[in-house]
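A.B. asks: Below: one structure in structure tokens.
Computed from the coordinates by the stated procedures, all read-outs in this text should not be read as laboratory data. Treat the numbers as computed from the prediction; the structure is a model and nothing was measured. Cβ placement follows ideal geometry from the backbone for every residue including glycine, while neighbour counts extend to all protein chains displayed.
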Amino acid sequence: MTRRLGVRLVGALLALASSSACGSAPAPVTHEQTRAGPAADSAVPLVDPSLPQIPGPPPPTSKVPAPRGRLAGKVIVLDPGHNGGSAAHPELISRLVDAYTQLKPCNTTGTQTDGGYSEHAFTWDVANRLAKLLRAAGATVILTRSSDNGVGPCITERAAIANRNHATVALSIHGDGGPAAGHGFHVMEPALIAGAPSTAIVDPSHRLAVAVRDQLATVLSPATYIGQDGINTRSDMAGLNLSRVPVVMVECGNMRNAGDARLMRDPAGRQRLAAALAVGLTAFVT
């Protein structure tokens with residue numbers, strides 16, 4: 001029996017070497033063959049069990065390792081306000097869309113600091129810093145735009161992206177263009193509007209606003225010129241009115257105020273804002 005096994009093993013190895021030298025690949029093994037194992041009429045195994053065995057690859061499995069982290073399984077949509085290419089296409093962004101309580105332009109170009117640092121660049125940078133932190137904690141993060149040189153999308157589509165993806169939470173990131181004497185951040189939350197898509201998420205959105213407000217207050221003071229203690233309830237924002245998932249819009253600072261502008265232009269300042277937003281979102285969803 002041992003001799004017959006040795007002959008069969010040598011023959012198999014010679015056949016494999018011959019096929020490789022000719023450039024032909026061995027026949028693929030199907031999932032059915034993998035599950036079935038050796039053919040039923042095989043009298044002996046191909047390899048003698050007494051010989052040393054080389055470990056093969058682990059058996060195929062359909063299981064995907066579960067994501068790790070506090071935010072595992074959470075879908076978070078980040079909306080960096082405006083876009084870098086919108087100013088060149090007023091015919092596109094100026095068309096009116098339905099914000100539920102009124103018609104509004106599809107989008108706007110946003111504001112900027114007195115030194116020319118644009119809101120769209122600021123929001124794009126903060127959103128990507130924030131996305132990195134959230135993904136490191138296990139979240140699935142979706143941005144409403146893929147670059148800072150495109151046009152739009154419209155404010156209605158930004159809300160739809162979160163709705164379609166059944167987001168756990170959505171956050172729209174902005175920089176304000178308020179009076180130069182005013183400073184600080186404010187968090188916009190949806191007002192209760194009869195029949196609006198947002199009706200069911202008004203209460204959780206308020207809890208989200210409080211969680212985000214509390215963390216941003218560790219970086220910058222609440223706005224002195226709008227809202228109350230850092231929270232601003234709005235009924236005119238499509239991104240809030242049309243949302244079916246908990247949502248807030250954050251004006252991270254007043255870009256027209258010299259002190260706020262210094263923080264918002266500074267990469268370290270933007271990282272501090274992103275970190276505060278990450279802690280606020282995490283506190284809400286966990």
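A.B. asks: 5 Å is the cut-off here: which amide hydrogens, built 1.01 Å from N in the peptide plane, fall below it relative to Met188, excluding neighbours closer than 5 in sequence?
C.D. replies: Asn232, Met249, Val250, Glu251
A.B. asks: Sticking with this one: Taking 8 Å as the Cα distance limit and 6 or more residues as the minimum spacing, I'd like the relative contact order of region 75-285 as a percentage. Intermediate results must be reported in sequence, preceding the final value.
C.D. replies: Numbers: 481 pairs, mean separation 59.4, N = 211.
Relative contact order comes out at 28 percent.
A.B. asks: State to the nearest 20 debye the size of the charge dipole of region 75-285 about its Cα centre, where the only charges are +1 on K and R beta carbons and -1 on D and E beta carbons.
C.D. replies: On the way: 17 positive and 17 negative charges, 88 e Å.
So the magnitude is around 420 debye.
A.B. asks: Here's another thing I want to ask about it. Which of Gly280, Met255, Tyr225 sits closest to the plus end of the dipole of region 75-285, meaning its Cα is farthest towards the positive end, when Lys and Arg get +1 and Asp and Glu get -1 on the C-beta?
C.D. replies: Of the options given, the answer is Gly280.
A.B. asks: Also, I was wondering about something else. In what sequence do Thr113, Thr156, Thr199 fall when counting other Cβ within 10 Å, fewest first?
C.D. replies: Working: Thr113 22, Thr156 18, Thr199 14.
Ranked by crowding around the Cβ, least crowded first: Thr199, Thr156, Thr113.
A.B. asks: Please arrange Ile76, Ile226, Ile201 by how many other C-beta atoms lie within 10 Å of their C-beta, fewest to most.
C.D. replies: Numbers: Ile76 27, Ile226 17, Ile201 21.
Listing Ile76, Ile226, Ile201 from fewest to most nearby Cβ atoms yields Ile226, Ile201, Ile76.
A.B. asks: A further question on this structure: Using Cβ counts within 10 Å as a stand-in for footprinting exposure, how do Leu71, Leu192 rank, fewest first?
C.D. replies: Leu192, Leu71
A.B. asks: Let me ask something additional. For labels at Ser235 and Ser94 in the simple 7 Å Cα→Cβ model, what's the distance in nm?
C.D. replies: In this crude spin-label approximation the distance works out to 3.0 nm.
A.B. asks: When the Cα centres of region 208-246 and region 115-152 are compared, how far apart do they sit, in Å?
C.D. replies: 19
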